[in-house]
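Quick notes on the structure that follows.
Taken together, the values in this text are just the output of simple stated rules run on the coordinates, not laboratory data. These figures come from a predicted structure and were not determined experimentally. We place every Cβ from the backbone using ideal geometry, glycine too, and count neighbours over all the protein chains shown.
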Amino acid sequence: MGSKHSKGTTDRVPFAALQEATNNFDVSLIIGVGAFGKVYRGVLCDGTKVALKRRKPNSRQGIEEVRTEIEMLSQFCHPYLVSFIGYCDENNEMILIYEYMENGNLRSHLYGSDLPTMSWEQRLEICIGAARGLHYLHNNGIIRRDVKSPNILLDENFVPNIADFGLYKKGPELEQTHVSTVVRGSIGYIDPEYFVWQQLTEKSDAYSFGVVLCEVVCARPAVDQSLPREQVNLAECAMNWQKKGQLKQIIDPNLVGKIRPDSLRKFGETALKCLADSGVDRPSMGEVLWSLEYALRLQEPVIQDNPEENSTN
């Protein structure tokens, strides 16, 4: 699974070392661009492959969010959270340094690129790993707040790592039920209850994760304006089909005939529970994790069966 930097080892890295790691921020090494700025691939002098997030001077993402992310990631270490290696704040620069994830983000493997199709088993393993990461955060009093497929990165073995913690929030104190906060997040993934009441809970993450589960099985964006009105919002569309027991009508065509009905049923039920209108009706991430592991167990007999029988499913 690769080594993880241990808690509390966040380093301040000299700007010159990052110039060297990226061939002076060569444009050919850009692997992403976001509100924060450009993301570069690089190699430190000790051979560590890294991803560098370099803040652009007029970035909407303020220094406060950067501090939030540094504080969060230097505090926690877990196999399913992206490893934070260090930062650079010289010369009016703000650069965050992470372990490099060889296989990019989950979204790019589901749609919008020409990458090979992932098997159902592989998709389930990724969902299980991401659920473990969220479960760990919730157990440590952290609400992720921007759970979406681009924020789930995949290492060289397709092990998922939750990334991008600029919007995380500390969970409510013992006597409180929620955190009151201005709504932040991504369209199509935001918990409707949080959107209306501005009350953030762990169950807001569960809702967003439910949308990711729909993306995983349907291989389409959370919002697609090019589709007929009733299909624009993936969560609504998937819920309607799941309630009819007909989720198989809208699954990724590449998965047709390759998912055991019981496994799909369990997966669909789990997504539907996550997408409940009211947070109290949604499962905890621990319950989601258990359900996904069960969905994988229901799928596993396919591997042991006679392959010729399966080809006619």
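Using the Cα gyration tensor of region 201-264, with a ≥ b ≥ c the square roots of its eigenvalues, what is the shape: rounded (a/c below 1.5), prolate (a/b larger than b/c) or oblate (neither)? Taking the square roots of the gyration eigenvalues as a ≥ b ≥ c, region 201-264 is oblate. Sorting 222-231, 255-264, 124-133, 153-162 by average packing, meaning the other beta carbons within 10 Å per residue, from highest down gives 124-133, 153-162, 255-264, 222-231. Remark on GLY37: its backbone amide H falls under 5 Å from those of LYS56, a criterion applied only to residues 5 or more positions apart or on other chains, H modelled at 1.01 Å from N. Here, region 21-135 yields an orientationally averaged convex hull projection of 8.8 nm² when only Cα atoms define the hull.
For region 284-296, putting each phi into the Karplus relation 6.51 cos²θ - 1.76 cosθ + 1.60 with θ = phi - 60° gives couplings of 6, 5, x, 5, 4, 4, 4, 5, 5, 5, 5, 4, 5 Hz, in residue order, rounded to whole numbers and with x for Gly and Pro. Counted by Cβ distance under 9 Å from SER263, the other residues give a net charge of +2, where Lys and Arg count +1 and Asp and Glu count -1. Using a ≥ b ≥ c from the Cα gyration tensor of region 98-150 (square roots of the eigenvalues), is it rounded, prolate or oblate, where a/c under 1.5 gives rounded and otherwise the larger of a/b and b/c decides, a/b for prolate? Verdict is prolate for region 98-150. Amide H to amide H, with H built 1.01 Å from N, ASP252 comes under 5 Å of CYS218, ALA219, counting only residues 5 or more places away or on other chains.
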